[in-house]
């Protein structure tokens, strides 16, 4: 069994065990609820809230500089809005800008490392995309936006764009808009989840179950994003070579 799957199962067991303890001993649920509410109130009224936005900005940059390995920075946005109570509009914009900045590393890799990538076998990985970009240049901004606004790995598009010497700003602007779209959706969804929990009831046991379900959802999404081979959806054609 892969280590990531073991970690996923362990997380599920811990979540289920915590909920079981809260159901058996109501005092545990009430204590956790008081602590959770205190932390949320502090974070929402803290004069250092700007640090949370800055942290999300930095994590979005770092998350998108991870070449070929998806990083669940979007989960940070979800947690920041659902648990900390940050403004989803401002957070989505700030994190989207950070994510787009991080993607410039993939563009730079393609721009300056085409021959190296060919030797490492990445030419086969990016072949069909390279051909598509050459034949349909007018669709490139839309493709960039689509990749940025979905869980698809931007690397498999940004690297070929760098190889083709496609304009950096022409790549960065639709990428930034796409990232903002995705993170705004996630941020507002997190805010909706937080509001739903407050609307359904104040019972501490219910609060524990609801928070556990939220954590379960986030952990599952992180696992899917990290483990799923998104690049396999864009399996390249054979016989393509990087043009000098």
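The values are calculated or read from the model by the stated rules, or taken from the named source; none is laboratory data. This is a predicted model, so every value here is computed, not measured. Counting neighbours? That spans all protein chains shown, and the Cβs are built from the backbone with ideal geometry, glycine included.
Show the residue pairs that are 6+ apart or on different chains and have beta-carbon atoms under 6 Å apart, the first residue being within the stretch 84-113 and on the phi > 0 side of the Ramachandran plot and part of a helix (DSSP H, G or I), the second being surrounded by fewer than 24 Cβ atoms within 10 Å (Cβ to Cβ) and at pLDDT below 95.
As it stands, the answer is none, since no pair meets every condition given.
Could you figure out which of (1) part of a helix (DSSP H, G or I); (2) surrounded by 14 or more Cβ atoms within 10 Å (Cβ to Cβ); (3) over 15 Å from the mean Cα position of the chain (by Cα); (4) modelled with pLDDT of 75 or more isn't true of residue 166?
Against the list (1) part of a helix (DSSP H, G or I); (2) surrounded by 14 or more Cβ atoms within 10 Å (Cβ to Cβ); (3) over 15 Å from the mean Cα position of the chain (by Cα); (4) modelled with pLDDT of 75 or more, residue 166 comes up short only on (1).
Of everything in the stretch 23-55, what is at pLDDT 75 or above and closer than 27 Å to residue 209 by Cβ? Give them in sequence order.
Initial filter on the stretch 23-55 (at pLDDT 75 or above): 23-25, 27, 31, 50-55.
Correct list: 23, 24, 25, 27, 31, 52.
Going through 134, 129, 152 one at a time, which residue ends up being in a helix (DSSP H, G or I), surrounded by 13 or more Cβ atoms within 10 Å (Cβ to Cβ) and either modelled with pLDDT under 85 or in contact with a strand residue (DSSP E or B) (Cβ under 6 Å, 6 or more places away or on another chain) (or both)? Full working, then the answer.
On the way: 134 fails: surrounded by 13 or more Cβ atoms within 10 Å (Cβ to Cβ); 152 fails: in a helix (DSSP H, G or I).
Among 134, 129, 152, only 129 is in a helix (DSSP H, G or I), surrounded by 13 or more Cβ atoms within 10 Å (Cβ to Cβ) and either modelled with pLDDT under 85 or in contact with a strand residue (DSSP E or B) (Cβ under 6 Å, 6 or more places away or on another chain) (or both).
Do we have any residue at all in the stretch 3-22 that's over 23 Å from the mean Cα position of the chain (by Cα), modelled with pLDDT of 70 or more and over 20 Å from residue 218 (Cα atoms)? Outline the logic, then answer.
From the stretch 3-22, those over 23 Å from the mean Cα position of the chain (by Cα) are 13-14, 16-22; that's our starting set.
Checking which are modelled with pLDDT of 70 or more leaves us with 13-14, 16-22.
Next, from what is left, pick out any that are over 20 Å from residue 218 (Cα atoms): 21-22.
Checked against the condition, which is being over 23 Å from the mean Cα position of the chain (by Cα), modelled with pLDDT of 70 or more and over 20 Å from residue 218 (Cα atoms), the stretch 3-22 yields at least one hit.
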